[in-house]
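Structure first, commentary second.
Every number in this text was worked out from the coordinates using simple rules, so none of it is lab data. As the structure is a computational prediction, the values presented were derived from the model and not from experiment. Here the Cβ is made from the backbone with ideal geometry for all residues, glycine too, and neighbour counts use every protein chain on show.
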Amino acid sequence: MNFPHADFEKASCRDANVEKGLLVDLFDKIRDDRLNIHSIVFVKDGNKVFDAYAKGFGPGVAEETYSCSKSFTSIAIGILADRGQLALDDRVLPYFPEITAFLPAYEGMTIRHLLTMTTGHREWAYETLLTSKDPLKDCFQMPVIDEPGTQFFYDNVASYLLSAIVTKITGKILNDFLEEPLWNKLAIAKPRWKTVGPYSAGATGLSLDALSLAKFGHLLLNDGVWRGERIVSADYVRQATSFQVPTTEADGPRDRFGYGFQFWINDFGDFRLAGMYKQYVVVNREYKIVFAIQGYEERELLDLVTNYVLPACRKGWIYDNFTLRNYISRFQEESVGLLEKEKKNRTIW
């Protein structure tokens, strides 16, 4: 399997054994439904089948990945676990000796509970941390309703605490810590990652382009190995991207198929990174694909994977007269109007 440096090598649909007609149908679907997609990168067997960008976007044009950030936080924890600098069942409180006032339920909370979002929190309180004078202290005052480890609740505070633990161990904020083992190794220019108090946000705030997201997905597809070098252990990657806890009470119907260590489990197999406005990195081991997509959409975009990308891989190459490049060019041309509308309506830009 190929590994890119600056970019992936290109493969034709024929060489990738992908049915081109279904990819044409994918772009027709985007056009017909006027889906506001900024970037798509489709990689199979380590080769780029296609990439497509709205006007003004492209390789090197980073944008907010929102909750895709959580999965990068998870891999930082995995790297430290591999080095023996933490254990997943370590209790959280000993990492924060300065926290002397806390609710009793926090005494039994572990790093594993943070990773699986089974902290026992039932309150969406992350936004209050953004204006807090002492966000770390406030984390340990959040009510714990369920016994830690028993109930999933989507909890940005858990990811923030993971980021803080990385800093406590390494003396570096999360973004700086990842520079040597991840950003440099994957040839990703050091990104911007928002901070909350003295720590990288952890849960959100990481800005990357779709190509960089695809590289990260390819690392995970290959169980933590990049260009022959192990970045994070296969054991951790497999745990992180496998079903750990049920999520039957999650809001979205496609979010009810389980959660790993800061990764969502797909109803159609394997796993994904997911962020607000439908930022996705979908990884499928059966066909060795990574599908990274960024945009500004409320409508579900995973259907593009289940209805077009996976069937195209399943059917394989069939001769046709389509030129995919023409559809990609049309996609870029028709993005202008959607982007203008987005600028008028977007609350986070």
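Could you check how many percent of all C-alpha pairs in region 237-349 are farther apart than 19 Å? Across region 237-349, Cα pairs with separations above 19 Å total 57 percent.
Taken as Cα centroids, region 58-84 and region 234-255 sit 17 Å apart, rounded to the nearest whole angstrom. In the chain, helical runs assigned H by DSSP with n ≥ 4 each contribute -39500 (n - 2.57); averaged across all residues and rounded to the nearest 500, the mean residue ellipticity at 222 nm is -9500 deg cm²/dmol. Taking amide H positions as modeled 1.01 Å from N, with prolines and chain starts lacking one, the residues under 5 Å from Val49 and 5 or more places away or on another chain are Ala11, Phe42, Val43, Lys44. Taking amide hydrogens as placed 1.01 Å from N in the peptide plane, the amide H of Trp226 sits under 5 Å from those of Ile231, each at least 5 positions away in sequence or on another chain. At a Cα cut-off below 15 Å, give the aspartates and glutamates reachable from Lys315, other chains included and same-chain residues fewer than 8 away excluded. List returned: Asp15, Glu19, Asp25, Glu286.
From the residues Pro191, Ser71, Phe322, which one has its Cα farthest along the dipole of region 18-344 in the positive direction, the dipole being from +1 and -1 charges on Cβ of Lys/Arg and Asp/Glu about the Cα centre? About the Cα centre, the residue reaching furthest to the positive side is Phe322. About the centre of its Cα atoms, the chain shows a dipole size close to 740 debye [charges on the beta carbon of Lys, Arg (+1) and Asp, Glu (-1) only; nearest 20 debye].
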